[in-house]
1. How many Å² of accessible area per residue for the range 121-163, probe 1.4 Å?
2. Using only the Cα atoms of the range 72-137, what are the Rg and Dmax in Å?
3. Compare Arg121, Arg265, Arg204 by solvent-accessible area with a 1.4 Å probe and give them largest first, with all protein chains kept in place.
4. Whole percent per 5 Å bin, from 0 to the bin with the longest distance: what is P(r) over all C-alpha pairs of the range 118-173?
5. For the range 111-163, which whole-number percentage of the solvent-accessible area (1.4 Å probe, protein heavy atoms only) is attributable to carbon and sulfur atoms?
6. In terms of the ratio Rg/(2.2 N^0.38 Å) built on C-alpha atoms, what value belongs to the range 70-207?
7. Residues with amide H under 5 Å of Met129's amide H, sequence separation 5 or more or different chain, H placed in the peptide plane at 1.01 Å from N; which?
8. Hey, can you grab everything whose amide H is under 5 Å from the amide H of Leu264? Only 5+ residues off in sequence or another chain; H modelled, so Pro and N-termini drop out.
Amino acid sequence: MGSRRPISVVAEWVRRQPPKVKAFLCVVAGMAALVFLRFVVHDHDNLFVAAEAVHAIGISVLIYKLTKEKTCAGLSLKSQELTALFLAVRLYCSFVMEYDIHTLLDSATLVTTLWVIYMIRFKLKSSYMEDKDNFATYYVVLPCVVLALAVHPTTSHNIVNRIFWAFCVYLEAASVLPQLRLMQNTKIVEPFTAHYVFALGIARFLSCAHWVLQVLDTRGRLLTALGYGLWPSMVLLSEIVQTFILADFCYYYVKSVFGGQLVLRLPAGVV
């Protein structure tokens, strides 16, 4: 019990701070983590591999929940459909623009995501919280389409393919929003769903760290290699947005774990 006391004191102090202070502390913590990773991980490409590994762990937890627990309660079908959409578009772009190992990884993730959608829609439909999964997906898809039309890569590829590529980058950043809304509506998040979303948060932080550290190591040359105009900055911004969208949830997840709570309870206003 004594070993938990300092963490509990810090968590309680952070909880009492106003939103602006919490945001500042989050930025400071993120920067500290980046500095730590820069000195500890010498090959920053390993961060991308680690991100994929953590994402795979999250998907494994999801598969266990659906096959062993026989319930999809707490899972957002809309988030899974948005994930399938950006993966399908990214897979198409990979085939026509640059075929590499990420193409295989995306293929495996897409197949798994489609299986999850099938399970929610048909096999476990009775446990799906349709009334709580009420985030309007056009609030995500339409802005991503507009952004993709306005800001996309400036490479020599076909203009349609470049717009598709930009669309999947933007959509990936916001695809988790319906899941967060569902959890906010229910206020209580059961363990397996919490583990899955936390794994997504860690994976996206590692992916963001990979990009940021690559930019720092190349002194900005990586952004130049991506093209000119607003596109390079938008790629980096999308990675950062993905991380910050899940940062608040990850904070409450860690607080819940250290507090010995199996079920995560979200206060109002987290999402």
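1. Per residue, the range 121-163 has 66 Å² of solvent-accessible surface.
2. 13.8, 41
3. The ranking, largest first, comes out as Arg265, Arg121, Arg204.
4. All Cα pairs considered, the percentages come to 4, 18, 19, 13, 12, 12, 10, 8, 4, 1.
5. Working: 2100 of 3310 Å².
About 64 percent, which is the carbon plus sulfur part of the accessible surface.
6. Compared with the compact-globule rule of thumb, the range 70-207 sits at 1.11.
7. It is Gly74, Leu75, by chain and number.
8. Sorted by chain and number, the residues that satisfy this are Val189.
The values are calculated or read from the model by the stated rules, or taken from the named source; none is laboratory data. Model, not experiment: these values are computed from the prediction. Using ideal geometry, Cβ is built from the backbone for each residue, glycine included, and neighbour counts are taken over all protein chains shown. Just so you know, the surface numbers come from the protein's heavy atoms only, side chains and all, with ligands and any DNA or RNA stripped out. Shrake-Rupley method; radii C 1.70, N 1.55, O 1.52, S 1.80 Å.
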